[in-house]
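Values quoted throughout were computed directly from the atomic coordinates according to the rules given, and no laboratory measurement underlies them. Values in this document were obtained by computation on a predicted structure and should not be read as measured data. Note that each Cβ is placed from the backbone with ideal geometry, even for glycine, and that neighbours are counted across all protein chains shown.
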Amino acid sequence: MHPRIKIAIDGFSSCGKSTLAKQLAKKLGYAYIDSGAMYRAVTLHFLRNAIDLNAADEVAQALQEIEISIVPGMAQDCVLLNGEDVTHRIREMLVAEKVSEVAAIKSVRIFAVAQQKALSQSGGVVMDGRDIGTVVFPDAELKIFMTADPAIRVVRRFHELESKKQPVTIEEVQRNLELRDYIDSNRDESPLRKAEDARVLDNTNLDPTEQLELALQWSRDAIHEKAALPA
Ligand code: C5P
């Protein structure tokens with residue numbers, strides 16, 4: 001029986017983290033957890049309830065009213081916000097425009113990280129986000145830091161939103177990615193950083209199959225390394 005490890009995937013917006021994380025989890029028979037979906041669900045709740053992000057008590061109260069669950073589905077996992085399926089809603093530009101501001105709030109991060117840790121206690125998990133290798137799973141057996149040429153990331157995200165019939169221009173997508181990367185990298189609380197022991201995966205010139213093969217090889221190496229350690 002092989003040991004089941006934790007795999008942390010971090011990186012800038014629209015680098016293909018979730019595509020790789022999902023495929024890797026499927027191949028290894030692990031759970032996949034999209035940590036960004038949690039910050040997006042919190043943001044949707046705050047927007048709907050016009051929460052003042054500068055009012056700490058209002059934010060704390062709103063967090064107490066939120067219950068997020070991720071239900072594994074056939075085609076994709078469903079994100080439930082207080083029982084309501086918000087899987088598609090949280091991908092809209094309205095949420096994307098606010099999420100990095102919400103995710104920079106300390107109490108929001110404490111709330112989300114507690115849930116992420118609770119969901120992954122037994123190992124055998126792939127989680128993607130911005131602080132997984134540095135804060136959520138500093139002990140992950142495999143950490144991957146993904147990056148790709150910014151222009152390519154913009155085009156990829158634009159096509160993804162277009163295919164979902166979302167009315168956006170390529171300039172809006174570019175502005176949103178630049179802004180999110182800037183806020184995510186420069187915030188005080190758990191800024192986006194490559195963990196010292198993370199492997200860098202630049203997928204600018206890799207197709208999804210090549211990228212998956214590389215990550216699978218790294219995963220097998222990490223599993224073998226753990227198996228070789230004394231129990
Ligand atoms: O991964 P995704 O693009 O859906 O994440 C949306 C936003 O949530 C990010 O731009 C970032 O502001 C925030 N996030 C975070 N930490 C994570 C995952 C996401 O701050 N672990």
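For region 173-231, the list of trypsin sites (Lys or Arg not before Pro) that fall in a loop by DSSP and count at most 16 other C-beta atoms within 10 angstrom reads Arg193. Backbone amide hydrogens, once placed in the peptide plane, bring Leu142 within less than 5 Å of Lys6, Ala8, excluding anything fewer than 5 places away on its chain.
With 21 Å as the limit, write out which pairs from Lys17/Lys226; Lys22/Lys106; Lys6/Lys98; Lys27/Lys226; Lys6/Lys106; Lys6/Lys117 have Cα-Cα distances beyond it, or answer none. Show your work: numbers first, answer last.
Working: Lys17/Lys226 24 Å; Lys22/Lys106 28 Å; Lys6/Lys98 30 Å; Lys27/Lys226 19 Å; Lys6/Lys106 25 Å; Lys6/Lys117 11 Å.
Long pairs (Cα-Cα over 21 Å): Lys17/Lys226; Lys22/Lys106; Lys6/Lys98; Lys6/Lys106.
Of the two radii for the chain, the radius of gyration is 0.95 times the Kirkwood radius, both from the alpha carbons; that is the Rg over Rh value. Here the chain is assigned +1 on the Cβ of each Lys and Arg and -1 on the Cβ of each Asp and Glu. Its dipole about the Cα centre then comes out at about 480 debye. Rounded to the nearest whole Hz, the Karplus-based 3J(HN,Hα) values (6.51 cos²θ - 1.76 cosθ + 1.60, θ = phi - 60°) of region 156-165 follow the sequence 4, 5, 4, 5, 5, 5, 4, 5, 8, 6, with x at glycine and proline.
As a rough footprinting exposure proxy, the listed residues Val125, Val135 were ranked by other beta carbons within 10 Å of their own, and the order from fewest upward is Val135, Val125. Overall shape: rounded for region 37-152, with the ratio a/c of the largest to smallest alpha carbon gyration tensor axis below 1.5.
Considering all alpha-carbon pairs of region 156-217, what whole percent are spaced by more than 18 angstrom?
Beyond 18 Å sits 60 percent of the P(r) for region 156-217.
Shown in residue order for region 89-105 are the 3J(HN,Hα) couplings computed by the Karplus curve 6.51 cos²θ - 1.76 cosθ + 1.60 at θ = phi - 60°: 3, 6, 8, 6, 4, 4, 6, 4, 6, 10, 4, 5, 5, 5, 6, 7, 7 Hz (x for Gly and Pro).
What the phi angles of region 117-126 give under the Karplus curve with 6.51, -1.76 and 1.60, with θ = phi - 60°, is a coupling list of 5, 5, 6, 10, 4, 8, x, x, 9, 10 Hz, glycine and proline written as x. The distance separating the Cα centre of region 163-231 from that of region 67-127 comes to 17 Å.
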